[in-house]
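As structure tokens, the structure follows; a few thoughts come after it.
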Amino acid sequence: MTDLKQPPPDPTPPQWRRPRGVAPGTWQYLHQRTIADHYDAFVADTPLCHLDDEFLAELFPRRETAGCRVADLGCGTGRSAIPLARRGYDVVAIDLSRPMLQNLMRRVTQEIPTDSQPDSPVGRIFPVQANLVELDSLADDSIDHTICMFSTLGMIQGRANRNAVLQHARRMTRNGGRLVIHVHHRAAWFAEPGGMRRWLASAVKAWTRKDHEFGDHVYAYRGLSQMFLHRFSQREITTAVRQAGWTVDQVHRIAADGTGFLSRRPRLPSKIGGFIVVAQ
């Protein structure tokens, strides 16, 4: 087992070592310690993160007894894992970024009490450094519920690779368990500066290049020039979830400003910033 307390090497490993589904810019992102160190402060005022937290708190309320296991795919520094553990869930926190996992475990020692009270159980967090596309080391039916929040699935490059993530989640999750996914909406581009140009460029590339899918976008992010994100349509994400063996239970449309859910489908698709999908 890798010792997460040991500092990683500073240079980003060569690009030829990138695993499946990891784009060049994401490979850099995963190894940037400064990004991990400032991640919590960077997203502190992001409405979407607060929306994720509130939704998960409602879906997974405090438990009276410990023992329910949740897999957090793309856990980062614990934005979802730590609140779940505080509410009594055991969390398998999975991320490919070693600096993110190190900061997660540092937060765990500072923020989660070691002794749980009988009337308020505290779960445990188990860090796993792994590529979400290659989760064969996790046993079948070993997880009660699986979450993949804040468009982590969109950071996976390639439809086949994203489908592999959903299939692993289905294989790992026991019957009756839930899958919760948050993704960004493709049409939200129209509400952003230069969004129409990006939408058209992505559509043209999808027709003319085998290495590009409609909804793919490469952009500058926190000092990185090639950050990758795939944005979904509602049909695309729900179809992918169903094809992986899940039954879609709920689809919540997120307002473009990220502050809440839309009660009905708006006339303008650009008003939808993303989706949270709940499946069983």
Within region 27-78, the residues that are β-branched (Val, Ile, Thr) and under 19 Å from CYS148 (Cβ atoms) are VAL43, THR46, VAL70, THR77
Taking into account only those residues within region 203-253 that are within 27 Å of GLN28 (Cβ to Cβ) and β-branched (Val, Ile, Thr), which is farthest from the chain's Cα centre (by Cα)? THR208
I need the full set of residues from region 8-23 which are at pLDDT below 95 and either among the polar types (S, T, N, Q) or open to solvent by less than 80 Å² (accessible area, probe 1.4 Å) (or both), in order please. PRO8, THR12, PRO13, PRO14, GLN15
Residues that are of a type in the set (S, T, N, Q): list the helices (runs of 4 or more DSSP H) wholly contained in region 42-134 that include at least 1 such residues. 98-111
Residue in region 11-34 that is within 20 Å of LEU135 (Cα to Cα), in contact with an Asp or Glu (Cβ under 7 Å, 6 or more places away or on another chain) and not in a loop (DSSP other than H, G, I, E, B) present: no
Meets criteria (within 20 Å of VAL180 (Cα to Cα), open to solvent by 10 Å² or more (accessible area, probe 1.4 Å) and over 14 Å from the mean Cα position of the chain (by Cα)) for ARG107: no
Where a residue in region 148-165 is free of Cβ contacts under 8 Å to residues at least 40 places away in the same chain and its partner, wherever it lies, is open to solvent by 40 Å² or more (accessible area, probe 1.4 Å), with Cβ under 9 Å and at least six apart: ALA160/ARG20
Among the residues of region 149-162, is any aliphatic (A, V, I, L, M), modelled with pLDDT under 95 and either open to solvent by 40 Å² or more (accessible area, probe 1.4 Å) or not in a strand (DSSP E or B) (or both)? no
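The values are calculated or read from the model by the stated rules, or taken from the named source; none is laboratory data. Source: prediction; values computed, not measured. Positions of Cβ are generated from backbone atoms using ideal geometry, with glycine treated the same way; all protein chains shown enter the neighbour counts. Only protein heavy atoms, including side chains, enter the accessible area calculation; ligands, DNA and RNA are left aside. Shrake-Rupley method; radii C 1.70, N 1.55, O 1.52, S 1.80 Å.
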